[in-house]
Amino acid sequence: MAALTRVSGSVGLISLLNPPVNALSAAVRQGIVDTVRRAVSDPQVKSVVICGQNGVFCGGADIKEFGGHMSGPPLVPIFNTIEAADKPVVAAIEGSALGGGLELALACHYRITQSKARLGLPEVSLGLLPAAGGTQRLPRLIGVPAALDLITTGRHLTGAEALKLGIVDQVTDQNTVEAAVKFALSIVGQSLESRRISTLPCPCPADIDAFFEGVMQRVKKSAHGAIAPVACVQAVQAAATLPFTQGMQREQELMATLFGSGQARALQYCFFSQRVVSKWSSPSGSRWDTSKPKPVTKVGVIGLGTMGRGITVALALAGLSVVAVETQQQQMMAAQHAVSGMLERTARRRGVSLVGDQIRYSVELEAVADVELVIEAVFEDMALKEKLFKQLSTLCKADTLLCSNTSSLDIDHLASQTHSPQLVVGMHFFAPAHVMKLLEVVYGPRSAPQAVATAMELGKRMGKVSVAVGNCSGFVGNRMLMPYVEEASFLVEEGASPEIVDRALEEFGFPMGVFRMSDLSGLDVGWKVRKARGLVEPGQMSRVRQGRRYSPLGDLLCEQGRFGQKTGRGWYLYDSAGSREAQPDPWLQSFLEEYRARQGLVSRRIDSQEVLERCLYALINEGFNILQEGIAAGPEDIDMIYVFGYGFPRHRGGPMFYASQVGLAQVLQRLEHYQQLHPDIPHLRPSSLLRRLVSSGSPRIQRWREIIRMPHSSL
């Protein structure tokens, strides 16, 4: 809805009302049409101010309308009417002006914004583009390069940034509506010719063709196969090269292509899935998110290696008081210096004041005695963690939550070492912990709902996408990663090169393929884990370990001192230790030929389709096993873990959504095909849940939770 009142005698104040963000629903759009018409035709109204109630201007389109028939008046003629008005129209921006909200403001003749407001055109994150004139008006207002940056990334601006770019005319720390009304009174009678953005020439770089060619190359490279950023460039190019009316037509054509695309559906699925996983539930479907989290103001972090440092920074940036413990004095001093640098760089990048005085460092474990929650980030060794949890259980207050950053160890076993196992949960961060958005919150059968709720809420305060998962080896993310990585190694054994495998995965949309990522992380990291599991047999090329197929290739490279980027040699060759420029290594090619000959393997040609099917379907199949076991409550949980923690392309929606798009019957058929070819690879054996879903007609992904919990006989 929208309401019109007259204030200060001659200012028509149009207020949008559709909480919480005043989205442009059909009712709001109709309200704007009606109130603008009344304001323009009222002789007593000399100027108009448009604002949003409850401290928010407008959060953009109502995304809930995307899935059905769009009713109500369209935005483009509404905005054209506002711009064509013969009375000055001022946007009073509080809270946010995002997407269609900013496009509404651009249709106004003037814009006054609150200093803390956020402005932006984030449609690209939903697989779309600003289609109510945003791609045509913004370049005319601030120039092509600046507009491209905002439209292709979807990033948000502060009021100060918007003023500097020329998007708004004034920034205020006072009451924004009052400031806009005062401004509207001052401009009555002034010419509006130069204030109608659609009539302005578009400031363009000198060689426009060369400029857009370079932009397109950069955007395609960074988009990793996403089509919306490319369409955004094409729309802005239309603004730069065509009259406004024709540019608008091009904007609509591009939007029509995007709107019905699979990528848009995937990105919108991701948008809603973030909400789903925040309303976390137990595997049985019982809602736990109603449990009230315990208030936490002071957190202890134990172990200040790479992960502990990142966790400390993330907590400090969230405004929490932190007690950071590293029992080795020299390592503690190095960690303190590193954390200070990380905080300084992050604060500079965010444009905020430096934080850090709320961190207290200590070499004594007793320093965490009075905290409300402890996160241990010591070396991934069960014996070490057992000892630590026993100490913490005695040392800390009786109601202190004890959390482990373990990436794979048994949370239930750690809980059994304490006096209060119900207060133990896993908080699995991803490196770098102050940057990566994913947090796996791991609960066991004895974990108290309040303990899980507290960890989830703490993750939210740190800006994480927190996903509650059950306890098993590797939890969700790392458990699924194992068959994905193993398939990549098996493909190399059978004739592929690391370059072929990585190229196929990167063209699919991953920022890095398996082998480039392994070199970046360090081959020795996985080697240590495999040693701990008793899989490594030094100098042995046996392809069967613990009763299943095993690839020793990674172990053999580590025995050669090839640990990846850190040593300048791994699956690839690097110019120097620490270099990130991966080059094919002739030595590795000879090594692989010798390995295959000794194993009696006949090298064959492997194409990108087989790479994708073997790697992705093995990953997806393990996801179905996880759903069947109740480790994840639904497919959205798995998808958000993989999108935010493992680089799965967001425009593919996550592994489980991707499976639903490919077709569950197709995934099942290809898994059966590869299982027949490779009966010694257990993870190619199709999940019984996958078979069950296919037999029930391959329902839409939104119904999987319901079917997972149904008895087999009811299908």
query: Restricting to the range 298-472, what percent of DSSP beta bridges are antiparallel, rounded to 5?
result: 15
message: Can you tell me how the range 393-513 classifies by the Cα gyration tensor, rounded, prolate or oblate, using a/c under 1.5 as the rounded cut?
response: prolate
task: Return the percentage of antiparallel bridges among DSSP beta bridges fully within the range 2-259, rounded to the nearest 5 %.
output: 30
query: Where the centre of each part is set by its Cα atoms, how far does the range 209-283 sit from the range 304-338, in angstrom?
result: 39
- prompt: Dipole of the range 2-259, Cα-centred, from +1 at each Lys and Arg C-beta and -1 at each Asp and Glu C-beta, to the nearest 20 debye?
  reply: 260
- prompt: HN-Hα J couplings of the range 513-523 from phi, Karplus 6.51/-1.76/1.60, θ = phi - 60°, integer Hz, Gly and Pro as x?
  reply: x, 4, 7, 5, 5, 4, 5, 5, 6, x, 4
- request: Please identify every one of the trypsin sites (Lys or Arg not before Pro) in the range 517-616 that sits in a loop by DSSP and has no more than 12 other beta carbons within 10 Å of its own beta carbon.
  value: ARG533, ARG580, ARG604, ARG605
task: Find the centroid of the Cα atoms in the range 75-151 and in the range 594-611, then give the distance between the two in whole Å.
output: 55
- request: With everything on Cα atoms, drop me the angle between helix 262-278 and the longest principal axis of the chain, reported from 0 to 90° to the nearest 10.
  value: 80
task: Before anything else, pin down the relative contact order of the chain: Cα pairs under 8 Å, at least 6 apart, normalised by residue count, whole percent.
output: 9
- request: Would you list, by chain and number, the lysines whose Cα falls below 19 Å from the Cα of LYS437, excluding same-chain residues fewer than 8 positions away?
  value: LYS279, LYS460, LYS464
message: Along the charge dipole of the chain, pointing to its positive end and built from +1/-1 on Cβ of Lys, Arg, Asp and Glu, which listed residue (THR567, LEU138, ILE82) has its Cα farthest out?
response: ILE82
field: With Cα atoms, 0 to 90° folded angle of helix 208-223 axis to the chain main axis
entry: 40
- request: Sort TRP571, TRP527 so the one with the fewest other Cβ atoms within 10 Å of its own Cβ comes first.
  value: TRP527, TRP571
query: How far, in degrees from 0 to 90, does helix 664-677 lean away from the longest principal axis of the Cα atoms of the chain, to the nearest 10?
result: 20
Residues MET216, MET248 arranged by fewest to most Cβ contacts within 10 Å: MET216, MET248
statement: Here the Cα Rg-to-2.2 N^0.38 Å ratio for the range 560-715 is 1.30
- prompt: Is the range 468-543 rounded, prolate or oblate when judged by the Cα gyration tensor, a ≥ b ≥ c being the square roots of its eigenvalues, rounded requiring a/c under 1.5 and prolate requiring a/b larger than b/c?
  reply: oblate
- prompt: Hey, if you put +1 on the Cβ of every Lys and Arg and -1 on every Asp and Glu Cβ in the range 298-472, which of THR312, THR346, ILE375 ends up farthest toward the positive end of that dipole?
  reply: THR346
message: Placing unit charges on C-beta atoms (Lys and Arg positive, Asp and Glu negative, everything else neutral), compute the dipole magnitude of the range 339-400 about its Cα centre in debye, rounded to 20.
response: 380
statement: Diffing the range 401-410: the Karplus 3J(HN,Hα) column from phi (6.51, -1.76, 1.60, θ = phi - 60°), in whole Hz with x for Gly and Pro, holds 7, 10, 10, 10, 8, 4, 9, 7, 6, 6
query: Hey, if you drop one equal point scatterer on each alpha-carbon of the range 2-259 and run the Debye formula without solvent, what base-10 log of I(q)/I(0) do you get at q = 0.09, 0.11, 0.13, 0.14 Å⁻¹?
result: -0.36, -0.55, -0.77, -0.89
message: Which of rounded, prolate or oblate describes the range 1-71 when judged by the alpha-carbon gyration tensor and an a/c cut-off of 1.5?
response: oblate
task: Could you give the size of the charge dipole of the chain about its Cα centre, using +1 on the Cβ of each K and R and -1 on the Cβ of each D and E, expressed in debye and rounded to the nearest 20?
output: 1060
Sum of -39500 (n - 2.57) over DSSP H runs of 4+, divided by residues of the chain (222 nm, nearest 500): -14500 deg cm²/dmol
Under Karplus coefficients 6.51, -1.76 and 1.60, residue-wise ³J(HN,Hα) of the range 252-257 in Hz, glycine/proline x: 5, 5, 5, 5, 4, 5
field: Listed residues THR418, GLN676, MET456: farthest to the positive end of the dipole of the chain (Cβ charges)
entry: MET456
statement: Dimensionless Rg/Rh of the chain, both radii on Cα and Rh by Kirkwood, sits at 1.00
Per-selection metrics, the range 496-599 (Cα): Rg and Dmax in Å: 13.7, 40
Cβ-based exposure ranking for ILE707, ILE142, ILE626, in which fewest neighbours within 10 Å come first: ILE707, ILE142, ILE626
- request: Using DSSP, restrict attention to beta bridges with both residues in the chain and report what percent are antiparallel, rounded to the nearest 5.
  value: 30
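Throughout, read-outs are computed from the coordinates displayed, never taken from laboratory work. Since the structure is predicted, the reported quantities are computational estimates derived from the model, not experimental observations. Note that each Cβ is placed from the backbone with ideal geometry, even for glycine, and that neighbours are counted across all protein chains shown.
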